[in-house]
1. Taking the condition of being out of contact with any Gly (no Cβ under 7 Å at 6 or more places or on another chain) and modelled with pLDDT of 85 or more, how many residues in the stretch 621-636 meet it?
2. What pairs come out if I take residues in the stretch 224-237 that are free of Cβ contacts under 8 Å to residues at least 12 places away in the same chain and pair them with residues that are outside any helix (DSSP H, G or I) and buried (at least 22 other Cβ atoms within 10 Å of the Cβ) whose C-beta lies under 6 Å away, six or more apart or interchain?
3. Return the only residue of 83, 66 being surrounded by fewer than 24 Cβ atoms within 10 Å (Cβ to Cβ) and either under 22 Å from residue 274 (Cα atoms) or touching a helix residue (DSSP H, G or I) at 6+ places or on another chain (Cβ under 7 Å) (or both).
4. Tell me, which helices (runs of 4 or more DSSP H) lie completely within the stretch 322-438 with 1 or more residues that are modelled with pLDDT of 90 or more and under 30 Å from residue 85 (Cα atoms)?
5. Among the residues of the stretch 597-609, is there at least one that is outside any strand (DSSP E or B) and farther than 30 Å from residue 581 by Cβ?
6. So in the stretch 279-299, with the set limited to residues that are touching a residue at least 60 places away in the same chain (Cβ under 8 Å) and crowded, with 19+ Cβ neighbours inside 10 Å, which one is farthest from residue 226 (Cα to Cα)?
7. Within the stretch 637-653, is even one residue under 21 Å from residue 594 (Cα atoms), modelled with pLDDT under 90, assigned to a loop (DSSP other than H, G, I, E, B) and of a type outside the set (Lys, Arg)?
8. May I ask you to verify whether residue 470 is touching a helix residue (DSSP H, G or I) at 6+ places or on another chain (Cβ under 8 Å), buried (at least 20 other Cβ atoms within 10 Å of the Cβ), at pLDDT 95 or above and closer than 26 Å to residue 100 by Cα?
Amino acid sequence: MTSTQNTKSTAVSGKPIHNEGKNVAISFHSRNYEKAKELGELLRDNGYTAFLISEGSPLALALREQTVSWCDLFVMVVSFNYQRAPYCTELANYAKDKKKPVVSVIIQHNYSPSGCTGAIAKAWGSAITQLSTTQENMQEFLDAVKEKLSGVEASSVAMPTHDKPEGSALKTEKTGGSGVCISYHPDGQAIAGLVRHGKGVSNYNAQANSMSSQGVVMGDPSDSNLEKIKACSVFVPILTPGFQESSKHQQEYEFARANQKQIIPVKGAKFWPTGWLAVGIAGKLYYEMLGQQQAYNPYPNVPDSTPMNDFIFAVMTALEGEKTEEEREKAEIQVLTKELEQYKSKLHSFPPPPRDKSKEVWVPLPSPEQLRTNDTENLRFMQINYTITRMTFDPPKPLFDKYGLPIEQKFDIMLSYNWGIQSFVREVYMELSQQTFQTWMDIWGGMQGNINEAMATAVENSTMLVAFLTEKYQQSVNCNLELKYATMKEKPIIFIKAEKDLVLKDWIQQLVDKSVVFEMSSSGDFKVEDKGVPKAKRLGEAARNIVQWAAKQPKLIRKDVSEEVYKLQDMLEDARCAFADQESRKRFETCTRCEARFDPTVDKSGCKRHRAYYMGGNIIAGRWVCCSQRGKETLGCEPCDHFTTQRKWEEMAGFGGCFQFNPK
């Protein structure tokens, strides 16, 4: 192992690398300061200029923005501490927004970042794992830096300075409070009044939500609002050029951050935030309201909602309160520890021996030819197109709970697309919903808080991605990030080519070549038959085959957690296996419905059954009435528990030609 001292005095390669003018910002959590210093010294010894930035220094937003603008390369020192620190992830989001090259160094054992940290570190940037300081991995880091900086024009921005000691931790206090404080500059007064009296739309005959019931306090545009901000729960800044240029409003914004207030920005003018404000809203979902008409004008493809409605919903969600990352981890540790204590009293010896992990791997995804059905249907198969609004169906569950914590759930499909074809994608969403898929689409998917976090969480919580290929899609930074992150997370992808004669980027073409592909550009293509089966049904059948494949894969313990949580999870799995051996029983049973392995003593959920019956096969094509699937033994469409009961295929009494499994 190479010591830090040796790394300081000698360039790893033995030859100085003269890259003067190549500025590298190293972003890290203060608990990992020593590692950041080591990397900084290594870079300086090899001819680079390095600046270290923690969550606490520099602290001023203007200096944090200057750091990102100054650097030619952004280095993330990634650990669970980094992932759960808002000031760290905010900076990473801004570096991505500024299109800075990124190299991420993962320094924690048994850890893989998730959310926006995972997406930026592993999909936007080049990720390397560095658990120890060796000659080899130091050289790997330098090689990654050199590659990312190749062809990058040096920044002309002045080097930033520290306003706190380098490596300082963040010292903020979560002050109590209630209600909403709206802060605005005089040039945003009209929009502030509009927001203050905002009203939402009502669904399911419910009473419309309004800001008047949220305990709103208006800030004074010419006097200090610090006490009002301290007393509130949610801080709503009206973003305008005057707000951005005002030192008073900058102070208020930073004060709200220091007091850990929920911040929901409203963009009240046609301008693009820069400087300190650009960092302050980096990655945040903001609500653009430029006047009465625009604020209440329904979205083109979501006619039952408006910008004002979505804003009020975000405020109401924020008022529910948000657990800190420390509170979340503490709760998780308590749950795991409690369950381990139960096994401790049951097992003959504790701690349990390590389990056999050889079966804790996913089997490869079948080939596109195996996933896409290609049979001939000789009987008539009618395709019906549907229209759905949020008033006529139950929308998908949101990605986050009322505390802002990602909800552990499984969507079958995430739709990845550029907004230029949103109308068509919405039609596909409707079709897949009618085929009973749990589908996530951004306009109906509970987008909250951080845009990149929501995107990454949707990828992580979905079994597969359906990506709509257009020229705008492959040119879009965010669309590329979605696709790359899905690939990094080893998510199966179905591609829909929505434009003819599209020449794809090489890396996208490589993905397409090993995936299921359909060509569709409008809902009219749904009915186009492929050997007697409408394209829309072929799409659904390919997706269903992927869902069925995924259902059979073993559940793996999470790796986007602290070392303590990971160790507790791992020990709990060891205890469960040891207890099964002690009782001379198999740890896992095989579901007779979906063939998935499950532990009946822990969790039986995760299966699906058909909620209706199967009919046809003589005059019209046979299908399940509930979800239009043609296969008799296909995975169902209604969530249920796994079981081991043997089933029988029987004709329903009194309903000739209708069949179902008993039990379902």
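1. 11
2. none
3. 66
4. Result: 325-346.
5. Checking the stretch 597-609: not a single residue is outside any strand (DSSP E or B) and farther than 30 Å from residue 581 by Cβ.
6. Across the stretch 279-299, the extreme among qualifying residues is 295.
7. yes
8. Yes: the conditions hold for residue 470.
The values are calculated or read from the model by the stated rules, or taken from the named source; none is laboratory data. Just so you know, these numbers come straight off a predicted model, no measurement behind them. Because the Cβ atoms are built from the backbone with ideal geometry, glycine has one as well, and the counts that use them run over all protein chains shown.
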